[in-house]
Amino acid sequence: MTDDKDVLRDVWFGRIPTCFTLYQDEITEREAEPYYLLLPRISYLTLVTDKAKKHFQKVMRPEDIQEIWFEYEGTPLKWHYPIGLLFDLHASNTALPWNITVHFKNFPEKDLLHCSSKDVIEAHFMACIKEADALKHKSQVINEMQKKDHKQLWMGLQNDKFEQFWAINRKLMEYPPEDSGFRYIPFRIYQATTERPFIQKLFRPVASDGQLHTLGDLLKEVCPTAINPEDGEKKNQVVIHGIEPMLETPIQWLSEHMSYPDNFLHISIIPQPVD
């Protein structure tokens with residue numbers, strides 16, 4: 001992979017200032033103060049909110065505490081989506097800090113997966129990495145790794161250790177010199193305005209004539225309405241990690257540098273803010 005380490009660092013260390021507030025109907029023994037955290041974009045809500053959870057549990061009786069879940073403006077937040085994706089999709093154009101409501105009752109079974117322990121997060125994370133490598137290298141790279149390598153990927157994410165994670169992850173970002181990229185690009189496209197969870201299709205980083213495919217090429221093929229509105233007026237923003245990459249950017253470069261730790265490019269298509 002091309003060595004733009006500064007980009008990898010910027011992606012890894014992206015943070016979202018967040019204010020957690022306990023839902024008004026939760027029963028407490030005294031008033032629950034809000035709790036502030038800088039959330040890492042690349043992590044998962046249930047992995048980095050132990051401090052917030054303990055903060056609110058201090059003012060609650062044990063019998064009033066069930067499984068914790070989070071919500072933003074009435075939308076339950078899927079813990080198995082990376083935090084940066086949740087913010088880009090639901091809160092991109094709002095003022096900071098991001099205001100998240102904390103619940104300990106009435107778990108929304110229809111909307112959220114249960115997350116009983118860190119093991120559940122690890123299993124989800126590793127399943128995504130394996131799926132991504134199936135697309136990129138027919139699973140050859142991940143299958144050649146040892147169990148301790150898999151563990152190092154997870155521990156790097158869990159403990160926010162950039163070097164520890166990338167020492168292993170760089171192997172997942174390599175490809176044979178005779179190829180110009182991966183077999184297929186692991187990506188998911190999310191739209192704020194549809195019920196469909198996301199779009200995912202097979203897409204090669206290089207065209208049959210050897211030209212590198214761009215982000216614009218991907219969107220034209222998979223989600224044309226996102227960038228070509230009928231009346232010609234720009235209605236959407238295409239956001240990855242809180243920024244709008246140029247549509248001319250090669251998708252292979254984006255896959256190597258702007259993927260989340262799960263090795264997927266998570267692309268949000270959100271309505272253009274109205275001034």
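The values are calculated or read from the model by the stated rules, or taken from the named source; none is laboratory data. Remember, it's a predicted structure, so these values are computed and weren't measured experimentally. Cβ placement follows ideal geometry from the backbone for every residue including glycine, while neighbour counts extend to all protein chains displayed. The accessibility values were calculated without ligands, DNA or RNA, using every heavy atom of the protein model including side chains. Shrake-Rupley method; radii C 1.70, N 1.55, O 1.52, S 1.80 Å.
For this structure, a couple of remarks:
- The chain - share of DSSP beta bridges that are antiparallel (%, nearest 5): 65
- Nearest-10 value in Å² for the accessible area of D179, using the 1.4 Å probe: 70
- Using a simple spin-label model with pseudo-atoms 7 Å out from Cα toward Cβ, E63 and D209 lie 7.3 nm apart.
- If you sort R183, R170, R188 by accessible surface, 1.4 Å probe, largest first, the order is R170, R183, R188.
- With helices as the sole contributors, the chain gives -9500 deg cm²/dmol at 222 nm; each DSSP H run of n ≥ 4 counts as -39500 (n - 2.57), and the sum is divided by every residue.
- Working from label points 7 Å from Cα in the Cα-to-Cβ sense, the N159 to S139 distance is 2.9 nm.
- Estimated FRET transfer efficiency (E244, K171; beta-carbon r; R0 25 Å; 0.05): 0.25
- Segment 178-275 - percent of accessible surface contributed by carbon and sulfur, probe 1.4 Å: 50
- Degrees, to the nearest 10: 147-158 long Cα axis against longest axis of the chain: 60
- Whole-Å distance, taken between Cα centres, linking segment 1-37 and segment 50-109: 10
- Legend: residues K58, K110, K235, sorted from most to least accessible area (1.4 Å probe; ligands, DNA and RNA excluded), read K110, K58, K235.
- Ranked by solvent-accessible area (1.4 Å probe, protein heavy atoms only, all chains present), the residues E67, E256, E174 order from largest to smallest as E174, E67, E256.
- Cα-projected label distance for K234 with K148, points at 7 Å along beta-carbon direction, nm: 5.0
- Convex hull projection area averaged over all views, segment 10-134, Cα basis, nm²: 8.5
- Measuring between alpha carbons in the structure, the pairs from K54/K105; K105/K151; K5/K220; K171/K201 lying more than 26 angstrom apart are K105/K151; K5/K220.
- Those aspartates and glutamates that a straight Cα-Cα span of less than 20 Å connects to K161, excepting residues fewer than 8 apart in one chain: D3, D4, D6, D10, D50, D119, E122, D149, E256, D262
- Relative to the longest principal axis of the Cα atoms of the chain, the long axis of helix 162-172 lies at roughly 40 degrees.
- Amide proton proximity set for N236, modelled H, under 5 Å, gap of 5+: Q272
- Once all protein chains are placed together, Y35 keeps about 50 Å² accessible to a 1.4 angstrom probe.
- Length, then width, then depth: along the principal axes, the Cα atoms of the chain run 67, 53, 33 Å.
- Contour excess over end-to-end distance, with Cα ends at M126 and T193 and 0.36 nm allotted per residue: 21.2 nm
- Under 5 Å, built H, 5+ apart or other chain: amide partners of R15: R41
- For V206, distant residues with modelled amide H under 5 Å away: H213
- Separation of alpha-carbon centers, segment 116-132 and segment 237-275, rounded to whole Å: 22
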